[in-house]
Amino acid sequence: MSTFLLRLPVRFAAFAASLLLATGACADAPTLDWRVPLPAGQGWRIIDLREGNGIRHEEYVPRGQGIEDYRDRLLVQRFGAQDMSPEVYLGHIAAGLAKHCPAFTTSGLVSGARDGLGHATRTAYCSRFGDRPYGYVVAQKAIRDGDFLFVVEREWRLPPFAVDTAGAVDFGADDTTQKREINQTVRWLTEQVHPIAPPPAPAPAPARPRIRR
């Protein structure tokens, strides 16, 4: 879900797209390095990489899945925070997605801090996106680092599924398998997705002594 000027058919994050345009002048370096260990269990290939003006966008799909007909997608993004907390950002994205879904729910909004950086995770469930023959599940984590937000999300595009009035989700025949995969991703986001301190710069090489002639 989090997202921006993507080839993704879901443009439900119009808010995020406008955010990117609004923050184009922010070119400050991040305060921490940002490297994300990709989820284990399958190979991933990068299909989009853009960086500039304070914005970075990485997009991956599993090997063997197509760019247009993927089932899974992984996004890594960095952009100006516009004074938003991680919780506020995830709330905006969920509200934008919900407008396109006949049944919608979220789960697991968990906030915290690590190394002085606030973060929040949440999973959103869209039973069917508009009139398209699929729905979405999006697990996200947002981290505030100075003037920037780092957002990592794992997205599944699935056959339409059920969300009852109490917010319970039923994926039908694949219910157990899909929920296990979502839980594993949330654990990955919670336990492994964090910015890290940049490595120290290498010490300069000692000057070579001048040879007297």
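How do 172-184, 136-148 rank on mean C-beta neighbours within 10 Å, highest first?
Per-residue Cβ counts within 10 Å, averaged per peptide and sorted highest first, yield 136-148, 172-184.
Identify the residues of segment 64-79 with backbone N under 20 Å of a label point that sits 7 angstrom from the Cα of residue 92 along the Cα-to-Cβ direction, or state none.
Residues 75-79 qualify, since their backbone N sits under 20 Å from the label point.
FYI, it's all coordinate maths here, none of it is from the lab. Since this is a predicted model, take the numbers as computed values, not measurements. Cβ: placed from backbone, ideal geometry, glycine included. Neighbour counts: every protein chain shown.
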